[in-house]
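S.K.: Structure in structure tokens, see below.
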Amino acid sequence: MIDVTIENFEQEVITASMSQPVLVDFWAEWCGPCKAIGPILEKLEVAYGGAFKLAKINSDEEQQLAGAFGIRSIPTIVLMKNGQPVDGFMGALPEGKVREFLDKHVQALPPEEPEEEPLPAEDALADDPQAKLEKLQHAVATDPSNDDARCDYVKALLAAGREAEARRAFEPLAPKAGVVRKIDALARWLDALDFARAQGDGVVALADRDARIAANRRDFEARHDRARLLMAHGQWTAAMDELLEILMRDKTWSEDLARKTYIGILEIIEQPRPKVAEGQIPPDDPLVATYRRRLSSAVLS
């Protein structure tokens, strides 16, 4: 998925559609149906394995492009091939109807070969968070200088809601925050928890930031605060969406704070790659891959 502006429209839509169908989503922040269909389109882009490219155009910010396509209502979805619009629809269709639309023009790529089954012991460990915690605790106790094991232990403790233990385990890592990405990500998670606790009622705190953003869409401090509140409640994708709103408007705001926080979330949510046969490359985490592309689009556009 890529966010398209008048500056990169020619390359990312017209030129790209010469070799690959491009699905253009005209949307706006205030549009409720846009928020309903947007995640469906992003999900299908991943599900179709790169058989088409999703390009999103904010019709409020890119009125010249919206006018060129004659957009009168949103969401409006336009399929581009060979530099020309060939089909489209308006409104938020259910996923099944969107698949029917895509299947008329796009052939989903065949699924990848099934991955090797993990060893039974690994299955049992994955299904038993307590066993995983105990294994990580043992690894840290056996080798206190093993930062990777300690990071995994802190992350597992935080995921289990055992914040006090996580903070104690994190103390030896703290001096390396800002230098080692995995450690920096944990520091930002702990900071978000501190911030949310200091705000008191989370619903009130979010409503306050929402009001500030509604009054000034470039209130980046309010947007970053909102992202941290969402992080504290484990709403990782919503937090990254908020940070992208900053990055699309000011890529280097507050000494790259939004980008650093976004990268920290990617580090937190990325799942360990599954084991595969020797010589094969393990697949990327689909969610992380999608949000990495969105970050690249925002930073490079």
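Bear in mind these aren't lab numbers, they're just calculated from the coordinates by the rules spelled out. None of these values were measured; they are calculated from a predicted model. In this analysis, Cβ positions are derived from the backbone assuming ideal geometry, glycine residues included, and neighbour counts consider all displayed protein chains.
S.K.: Identify all residues within the stretch 12-29 that are within 20 Å of R72 (Cα to Cα) and of a type in the set (G, A, S); write none if there are none.
M.R.: Once the filter is applied, which keeps residues that are within 20 Å of R72 (Cα to Cα) and of a type in the set (G, A, S), the stretch 12-29 yields only A28.
S.K.: Which of the following residues is within 19 Å of N58 (Cβ to Cβ) and without any contact (Cβ under 8 Å) to a residue 60 or more places away in the chain: A192, A232, A238?
M.R.: After applying the criteria, what remains is A238.
S.K.: Another one. Of everything in the stretch 142-156, what is over 23 Å from the mean Cα position of the chain (by Cα) and in a helix (DSSP H, G or I)? Give them in sequence order.
M.R.: Residues satisfying the conditions are T142, D147, D148, A149, R150, Y153.
S.K.: Would you mention how many residues in the stretch 222-255 are assigned to a helix (DSSP H, G or I) and within 26 Å of E163 (Cα to Cα)?
M.R.: The qualifying residues number 19.
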